[in-house]
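Written out below as structure tokens is the structure these notes cover.
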Amino acid sequence: MREITLDNQNIPIVYKPSLRVKRISLRLSPKEFAFILTHPPRATHRQLQRFLDQCGPWIKRQLEKVTDAPSLHPGAILSLYGEDFECIHDPLRRKPVLCQETKTLRLPLKVSQKDLHSLFKKVAHEKLLPLLYKAVEDLDQRVEKVSFRDSKTRWGSCSGRKTISLNWRLVFLPPEVGHYVCAHEAAHLLHMNHSKAFWEVLERICPTYQKHRKWLKAHGSAWMRF
């Protein structure tokens, strides 16, 4: 792994030679928060550097999309499914808790990632399950199992066995975007592809899906890093 500097920012670059590719390509990995440079093994350092130089404006645009990554420091405001909660330290707490009365996320002095995930998954269950089941019902379908996963690459998935997985980080996104993802996965119960028929079904239960799909592409990567 190497780094390049752009506008005083150190950007990790992971070089991945591959016999399967004939061209040099660059992508941003939300999971690793690094740029992945895939290239033929015979590509020279000079060729790779020239390619990176040409990608400067594109790299800058990608970084602008992830500058709003969430934070849980005291005083920070965290939006959970359209509701704002102020993060505060509460030394009397052993685990994080949401207080609806004061609209605060009360954090112990030492909080584990596991406890935070459990809390946010609980919110996901409460807010997203009704939306998903409503979409499934509207399509006259059934779902065998729903799970909430800690994925760093996908917002949702649907299997041929009629099981649906949702990313619990959806609770940080605008509610209408969460609704779109639920409708998207429900539509896969009818069409396990992204054919024209699939998009027609999705539009029937989520008429504004194109708007939310664009939002997710533009801003979703920042929340994947949470």
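The values are calculated or read from the model by the stated rules, or taken from the named source; none is laboratory data. Note that this is a predicted model, so its numbers are computed, not measured. Please note: Cβ atoms are built from the backbone with ideal geometry, for glycine as well, and neighbour counts cover all protein chains shown.
Selection of first residues in the stretch 26-44 that are of a type in the set (Gly, Ala, Ser) and of second residues that are at pLDDT below 95 and in a strand (DSSP E or B), restricted to Cβ pairs under 6 Å at least 6 apart or on distinct chains, gives the following pairs, ordered by first then second residue: Ser29/Ile36; Ala34/Pro12; Ala34/Val14.
Quick check on my filter: what residues within the stretch 1-44 are of a type in the set (S, T, N, Q), within 27 Å of Ser151 (Cα to Cα) and either within 25 Å of the chain's Cα centre (by Cα) or modelled with pLDDT under 90 (or both)? Correct list: Gln9, Asn10, Ser25, Ser29, Thr38.
The residues of the stretch 124-165 that are loosely packed, with under 12 Cβ neighbours inside 10 Å, touching a Leu at 6+ places or on another chain (Cβ under 9 Å) and among the small types (Gly, Ala, Ser) amount to a single one, Ser147.
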